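Accompanying notes for the structure given below.
The values are calculated or read from the model by the stated rules, or taken from the named source; none is laboratory data. The structure displayed is predicted, hence computed values, not measured ones. All Cβ positions, glycine included, derive from the backbone under ideal geometry; neighbour counts span all protein chains shown.
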Amino acid sequence: MIDPKLLRKNPDAVRDSLRRRRMDMDVQALICKDETRRDLQKRGDDLRSHQKRRSEELARAMRMKVNTDTLRAELRDLSAQIGALEEEQRKADAEFESEALLYPNVLLPDVPDGATGDDNPVVATWGEKPAFAFPPKPHWDIGERLGILDFERAAKIARSRFTALLGAGARMERALISFMMDLHAGRGYTEVWPPFLINAASLTGTGQLPKFRADLFKCEDVDLWLAPTAEVPVTNLHAGEILSEEALPIRYAAYTPCFRAEAGAAGKDTRGMIRQHQFDKVELVKFCRPEESEAELEGLRADAEEVLRRLGLHYRVVVLSSGDTGFASAKTYDLEVWLPGQNAYREISSCSTFTDFQARRAMIRYRPKGGSPALVHTLNGSGLAVGRTLVAILENFQQADGSVMVPDALRGYMGGLDRLTSA
RNA sequence: GGAGGGGUGGCCGAGUGGCCGAAGGCAAUCGCCUGCUAAGCGAUUGAACGCUUAAUAGGUGUUCCCCGGGUUCAAAUCCCGGCCCCUCCGCCA
């Protein structure tokens, strides 16, 4: 959530960030709701204060056994007034909050201005595009020919946008998860295996709800939703807590399946396993002091990049422009892996700092030395999207004969297998 | 699924209608004492929101004893609903 004090004291900072995001929201209306809310609180506070004092008088009068009829009548009336006012106050609070929850995070000043993904500047590149003596195939061709990807049967048992992995494909998915988790665990991240179903409060804490309800799968009859990313359960691990300063920064790595309704993506990436209702991802999540968060974002990006480097996959890094930056994020780097079968770079990791936006929603705080509790900064990044990593391996390491070389880093996780063949 | 017990501050734990933001203990911080450490002695130590303020300093008001309703002039305390935890039984992986 945006900071109500910032909204009050520097509404132009909020307006400017919205303009850069290419979003049009009625900031003045929100400010009015805030004022209504505060006015009602003041009036209620004063009335309650008065009521308290008169109630004490009544108690005293009753002890002295004097007639209290007038006082009781006055207090009954006061109580009714307060009740009515509190009803109004509840309504005003709810109105302010439901509107405030729809405001995106305020962008960091160094986020480049731009309308869409086409405006994202490339800030780094690693490796080179592999050269092929033949036209490289897309992964769905490679995978089906090898018998390791089955889209038709997956659609039969579920629906479209699901994939069944078979044999060495299934083995490689599992190998990638282990490889990534071992790598991050060895670099200072604590492994987490969280619940994959989470409640609405958690989804509100990280920013998926209320705005992005349509992107989520929900269980019937209970307040449980399929996690769209490990970001949600892992960030909310510390919801409502006051962390000790010495514990920071906290760094977690978690594997989870991710479930997304892909409501707005009809007709997009329909072939292959680029955009699925279910996919595996290893996620990195950090909690830190505000002054550390910029450095932690760079570290997060480096940790995600390390996975691609060890696998030998060519990629580039972009900073998302202002119009392309996600709702909860203040600044985001995307890692884009080269996919020769599609002659394109595709997002394989997204690393963001959320500044205090999620911390305020989920009430995640720490106690600075000698001070009162302050909001932490939260960050997260994919390290990496496992399905897309599998896609990248198939497309980048495909051979003329239809086989696929297994990256060195993965062979130990696949019983020494060095090549996927259709045999 | 059945039966019972329980959710109070950083932790433990008292509190069955007003004098309770809450006894007592632990922990922590500061000070005294001390060759050092421990012990001992004294003091301090919850959060949110609002008003005030340059201030996340100070002052001040309100709210908060799991959550939401109700009774009452007044609720941590009484009543109803929900959530969560524990124990036993059943069932299951």
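Before we move on, is A:D34 surrounded by 14 or more Cβ atoms within 10 Å (Cβ to Cβ), near RNA strand B (Cβ under 8 Å from one of its atoms), not hydrophobic (A, V, I, L, M, F, W, C) and not assigned by TED's automatic domain parsing to the domain that holds A:G205? Full working, then the answer.
Working: surrounded by 14 or more Cβ atoms within 10 Å (Cβ to Cβ): yes; near RNA strand B (Cβ under 8 Å from one of its atoms): yes; not hydrophobic (A, V, I, L, M, F, W, C): yes; not assigned by TED's automatic domain parsing to the domain that holds A:G205: yes.
So A:D34 passes the test.
Any idea which of A:F287, A:F196 is aromatic (F, W, Y), assigned by TED's automatic domain parsing to the domain that holds A:E173, surrounded by 22 or more Cβ atoms within 10 Å (Cβ to Cβ) and in contact with a strand residue (DSSP E or B) (Cβ under 9 Å, 6 or more places away or on another chain)?
Working: A:F196 fails: surrounded by 22 or more Cβ atoms within 10 Å (Cβ to Cβ).
Matching residue, one of A:F287, A:F196: A:F287.
Within the stretch A:251-307, restricting attention to residues that are among the small types (G, A, S) and modelled with pLDDT under 95, which residue is nearest to A:N236 (Cα to Cα)? It would help to see each step written out before you state the result.
First pass over the stretch A:251-307, keeping only residues among the small types (G, A, S): A:253-254, A:261, A:263-267, A:272, A:293, A:295, A:299, A:302, A:304.
With the extra rule that they be modelled with pLDDT under 95, the set shrinks to A:261, A:263-267, A:272, A:293.
Values: A:A261: 22, A:A263: 25, A:G264: 26, A:A265: 28, A:A266: 31, A:G267: 33, A:G272: 32, A:S293: 18 Å.
Ranking the qualifying residues of the stretch A:251-307, first place goes to A:S293.
Note down all Cβ pairs under 8 Å where the first residue falls in the stretch A:39-56 and is closer than 15 Å to A:E87 by Cβ and touching a residue at least 12 places away in the same chain (Cβ under 8 Å), the second is β-branched (V, I, T) and within 7 Å of RNA strand B (Cβ to nearest atom), and they're at least six residues apart or on different chains.
none
Cβ-Cβ under 9 Å, sequence separation 6+ or interchain: first residue in the stretch A:359-375 and closer than 12 Å to A:E245 by Cα, partner assigned to a loop (DSSP other than H, G, I, E, B) and among the polar types (S, T, N, Q). Which pairs?
A:L375/A:T355
Tell me, which strands (runs of 3 or more DSSP E) lie completely within the stretch A:313-404 with 1 or more residues that are of a type in the set (S, T, Y) and under 19 Å from A:G207 (Cα atoms)?
On the way: elements: A:315-319, A:331-339, A:344-353, A:365-367, A:377-385.
In the stretch A:313-404, the matching strands (runs of 3 or more DSSP E) lie at A:331-339, A:344-353, A:377-385.
Would you confirm whether any residue within the stretch A:75-94 is without any contact (Cβ under 8 Å) to a residue 60 or more places away in the chain, under 20 Å from A:D356 (Cα atoms), part of a helix (DSSP H, G or I) and more than 10 Å from RNA strand B (Cβ to nearest atom)? Give the steps one after another, and end with the answer.
Of the residues in the stretch A:75-94, the ones without any contact (Cβ under 8 Å) to a residue 60 or more places away in the chain are A:75-94.
When the remaining residues are screened for being under 20 Å from A:D356 (Cα atoms), the result is none.
There is no residue in the stretch A:75-94 that is without any contact (Cβ under 8 Å) to a residue 60 or more places away in the chain, under 20 Å from A:D356 (Cα atoms), part of a helix (DSSP H, G or I) and more than 10 Å from RNA strand B (Cβ to nearest atom).
Wholly within the stretch A:145-220, which helices (runs of 4 or more DSSP H) include no fewer than the required count, namely at least 2 residues that are within 19 Å of A:D280 (Cβ to Cβ) and in contact (Cβ under 8 Å) with a residue 60 or more places away in the chain?
On the way: elements: A:151-157, A:168-185, A:200-206.
Qualifying helices (runs of 4 or more DSSP H): A:168-185.
Which one of these does A:D46 not meet: (1) farther than 30 Å from A:D119 by Cβ; (2) more than 8 Å from RNA strand B (Cβ to nearest atom); (3) of a type in the set (D, E, K, R)?
(2)
Quick check on the stretch A:214-224. Is at least one of its residues in contact with a Lys or Arg (Cβ under 6 Å, 6 or more places away or on another chain) and of a type in the set (G, A, S)?
no
For the stretch A:1-18, which residues satisfy the criterion of being more than 16 Å from RNA strand B (Cβ to nearest atom) and surrounded by 13 or more Cβ atoms within 10 Å (Cβ to Cβ)?
Of the residues in the stretch A:1-18, the ones more than 16 Å from RNA strand B (Cβ to nearest atom) are A:12, A:15-18.
Matches in the stretch A:1-18: A:R15, A:D16, A:S17, A:L18.
Please give the number of the condition A:V307 fails out of (1) within 19 Å of the chain's Cα centre (by Cα); (2) outside any strand (DSSP E or B).
(1)
Would you be able to say whether some residue in the stretch A:299-309 is in contact with a His (Cβ under 7 Å, 6 or more places away or on another chain) and either closer than 11 Å to A:G381 by Cβ or buried (at least 24 other Cβ atoms within 10 Å of the Cβ) (or both)? Walk me through it before giving the result.
The first filter runs over the stretch A:299-309 and keeps only residues in contact with a His (Cβ under 7 Å, 6 or more places away or on another chain), leaving A:303.
Then drop every residue that is not either closer than 11 Å to A:G381 by Cβ or buried (at least 24 other Cβ atoms within 10 Å of the Cβ) (or both), which leaves A:303.
Within the stretch A:299-309, one or more residues are in contact with a His (Cβ under 7 Å, 6 or more places away or on another chain) and either closer than 11 Å to A:G381 by Cβ or buried (at least 24 other Cβ atoms within 10 Å of the Cβ) (or both).
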